[in-house]
Amino acid sequence: MNAFELLLVAVGGGVGAALRFVLDGTVKARVARFPVGTMVINVSGSFVLGLLTGLGEAGTLPIPAVAVLGTGMMGGYTTFSTASVETVQLLRSGKTRLAVLNGLGMLVVSVGAAALGLWIGRNP
């Protein structure tokens, strides 16, 4: 990877983080009880990263583009740390069922979305 590609990955990360910030704020304004925004972000990001990776593996998308869009943009967009903190906050506030649904549900659905994206990407 050269310096220009590294710069593009960094810019992609910034764009992804900005997209996450806007989408999460928009969803939180409508649904305050459960961290739906983070769930939507992580599931959609897992799907897109799977798709990009599959397209790269199939030779449909150049590997540098996978790095910029996948590692950079989707890396900045998705957020495991926020999901973890929100799960702990639900537990601390006595919402055990919601915490389990958030933590385990997001993991299962995100992995499923990534698998679907990989499958689609490998079979364009």
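One line per residue, one yes/no per condition, for (1) in a helix (DSSP H, G or I); (2) open to solvent by 70 Å² or more (accessible area, probe 1.4 Å); (3) touching a residue at least 24 places away in the same chain (Cβ under 8 Å); (4) within 30 Å of Asn123 (Cα to Cα):
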{"site": "Phe21", "(1), (2), (3), (4)": "yes, yes, no, no"}
{"site": "Val27", "(1), (2), (3), (4)": "yes, no, no, no"}
{"site": "Phe34", "(1), (2), (3), (4)": "no, no, yes, no"}
{"site": "Gly37", "(1), (2), (3), (4)": "yes, no, no, yes"}
{"site": "Val43", "(1), (2), (3), (4)": "yes, no, yes, yes"}
{"site": "Gly72", "(1), (2), (3), (4)": "yes, no, yes, yes"}
{"site": "Gln89", "(1), (2), (3), (4)": "yes, yes, no, no"}
{"site": "Leu98", "(1), (2), (3), (4)": "yes, no, yes, no"}
{"site": "Asn102", "(1), (2), (3), (4)": "yes, no, yes, no"}
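Looking across segment 49-70, just one residue is farther than 19 Å from Trp119 by Cα and open to solvent by 40 Å² or more (accessible area, probe 1.4 Å), and that is Pro64.
Taking the condition among the aliphatic types (A, V, I, L, M), under 15 Å from Gly105 (Cα atoms) and under 14 Å from the mean Cα position of the chain (by Cα), does Val48 pass? When the stated conditions are applied, Val48 does not pass them.
Each row is one residue, and each column tells you yes or no for (1) in contact with an Asp or Glu (Cβ under 8 Å, 6 or more places away or on another chain); (2) hydrophobic (A, V, I, L, M, F, W, C); (3) farther than 30 Å from Arg97 by Cβ.
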| position | (1), (2), (3) |
| --- | --- |
| Leu6 | no, yes, yes |
| Phe21 | no, yes, no |
| Gly25 | no, no, no |
| Val31 | no, yes, no |
| Gly37 | yes, no, no |
| Val48 | no, yes, no |
| Leu51 | no, yes, yes |
| Gly54 | no, no, yes |
| Ala58 | no, yes, yes |
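The values are calculated or read from the model by the stated rules, or taken from the named source; none is laboratory data. Keep in mind that what you see is a predicted model, and the values were worked out from it rather than measured. In this analysis, Cβ positions are derived from the backbone assuming ideal geometry, glycine residues included, and neighbour counts consider all displayed protein chains. In case anyone asks, the SASA skips ligands and DNA or RNA and just uses the protein heavy atoms, side chains included. Shrake-Rupley method; radii C 1.70, N 1.55, O 1.52, S 1.80 Å.
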